[in-house]
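Peer 1: Here it is, the structure in full.
The values are calculated or read from the model by the stated rules, or taken from the named source; none is laboratory data. All of these numbers come straight from a predicted model, not from anything done at the bench. Every residue, glycine among them, receives a Cβ derived from its backbone with ideal geometry; neighbour counts consider all protein chains shown. Just the protein is used for accessible areas: all its heavy atoms, side chains included, with ligands, DNA and RNA removed. Shrake-Rupley method; radii C 1.70, N 1.55, O 1.52, S 1.80 Å.
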Amino acid sequence: MRMPLSDDEFDALRRLLGSSAGLVFDDSRREALAFCVSERVRVTGCENVAAYLRLLAQPDAEPERQSLLDEVTIPETHFFRNPPQITALRGHVLPQLLRDAGERDRKLTIWSAGCSTGEEPYTIAMLLRELLPLMHGWDIRIIATDISGRGLAAARAARYGERSLVMTDPADVNKFFIRDLEGEPAYVVRPEVAELVEFRRHNLVTEPPPFAPGEVDLVLCRNVTIYFDRATTRALVGRLHDTLRDGGYLFLGHAETLWQVSDDFHLVTLGDAFVYRRDDAADASGRERRMVLPDRRAPGKSERWGVERRQGRERRNLPTPSRPSGLVATIGRVLTTPIGPSARPTPPPGAPTVPPTAPPAVTTTQPEPAPISQVRRALAAGQYAEAAELAEQMAQAEPLAADAHYLRGVALTNLGRDADALIELRKAIYLDPGLGFAHFLLAGALNRLGEAVAAARSYRAAAEMLERIPADVAPEELGGRSAAELARMCKELADRAERHGG
Ligand SMILES: C[S@@+](CC[C@H](N)C(=O)[O-])C[C@H]1O[C@@H](n2cnc3c(N)ncnc32)[C@H](O)[C@@H]1O
């Protein structure tokens, strides 16, 4: 049952959820909100949405306000989510933090902020058990917090179905879970792992962090801020920075970046993962300059901005494949590419790999900008590595040029570097929200990275853009299809992604 929301009801609910949890519901999520509210109307026995809103406004309605939050928050998560980050945690970040703590006081504090049903903090506990089987003499705390009472109850139960383990290696399943075949079959987290995690209810938007300043070594706040607006995210990231000790790490989700949000952290590339680090010494000496961009509503084309720190991998000259080897040879072909892991291309032969501990490189000079036509030519010829390099030069010279980020996103998608492409495509969309095709590419990349809910949102945004294209206009990017046809396809893909996620 879904009761439609009047404009006033939608506004009242949006205000309530925005102020109580920072959650943003734009028009594309109106239907989803109507669904959740209808469920609460049914459970509470209210006559209609207006009566339910009156109930929520009662001073003693805190339990119902919590139930509504439980209903509207998106719990999508799984064990070992975001493989590049897991590799970075396993091979670099956790060993380094343990080494540092060993030299200090053998105390390690990790915060899983927005832990949902617990898969993320338990994953960290598993990695720590692997690295440090004997924890005698250590004080290791993984504090996992969430606003959702329902999520926390499931987390404390530590019983999971197959779906939570889709990204878990069978060897890790054997090592860290007990198979319970009584009743509803489940995988139960082993006690020696579960005992490392403490769950608490905490609101990241309205409450201060449950830690003293500088107390935390690692914060994971992944796939939480995608539901917040920029101001809320900015304030939260400031608080996360304060809780971290010097040298501590912040992990965000695939689709999240601090670009245009915070200048407090240092971006570090570890293999295929981007992570952030608090680095007071570098800040104090001014060793690394950060890119600070003005608001996109006041771009100055000819202005030059500061130098963005670049990742080691990006500075190398990637070899140009002799023939098109990427996902698509033209932008239009992306549209016909099947979505899913099987669509991932293999990297071009000989493509350089980055050692997992490669430090972030710093550049201090700006190359000459590459003309946009050169980038397009390289893309059309299937020379994606070259196109990515040229587009990067453009983006360095003109950080506010949406096209440069967009074309780099296209090139990286074709190289199968979805995690890197996400960052560029999000920049492009931020600078020019009307870039419908960027939404489409972003959706595909998110889907392949297992971020089904975020992918659905991007497919819907792409559909909305496509619907605005007049029937007699056929942009080259659409590969000969009509905009209306593609909009329909995007909606179908959004529905499909939503069914598989959330
Ligand atoms: C998509 S899940 C992310 C789970 C996990 N971090 C991961 O990446 O797999 C987002 C979580 O953020 C939580 N959340 C949303 N708003 C919050 C807030 N204001 N305070 C605390 N948690 C919040 C939701 O309840 C939900 O469990």
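Peer 1: What's the extension gain from residue 62 to residue 246 if we count 0.36 nm per residue and subtract their Cα-Cα distance?
Peer 2: My answer for the length gained is 62.4 nm.
Peer 1: Separation of segment 7-69 and segment 89-168 by C-alpha centroid, Å?
Peer 2: If we compute the Cα centre of each part, the gap is 33 Å.
Peer 1: Let me ask you something else. Mind ranking 131-137, 35-41 by how tightly packed they are, going by the mean number of other C-beta atoms within 10 angstrom, highest first? Don't skip to the end; give the middle numbers.
Peer 2: Working: 131-137: 10.0, 35-41: 19.0.
Final packing ranking: 35-41, 131-137.
Peer 1: Now a separate question. Quick check on packing: order 59-68, 154-163, 269-278 by the mean number of other C-beta atoms within 10 Å, highest mean leading.
Peer 2: Working: 59-68: 13.7, 154-163: 16.4, 269-278: 21.7.
Descending mean neighbour count gives 269-278, 154-163, 59-68.
Peer 1: Right, something else. In debye to the nearest 20, how big a dipole does segment 118-236 give about its Cα centre with +1 on each Lys and Arg Cβ and -1 on each Asp and Glu Cβ? Could the numbers behind the result be given before it?
Peer 2: Values: 14 positive and 18 negative charges, 59 e Å.
Its charge dipole is roughly 280 debye.
Peer 1: Here's something else I'd like to know. Show 145, 232 ordered by accessible area, largest first, where the area counts protein heavy atoms only and the probe is 1.4 Å.
Peer 2: The ranking, largest first, comes out as 232, 145.
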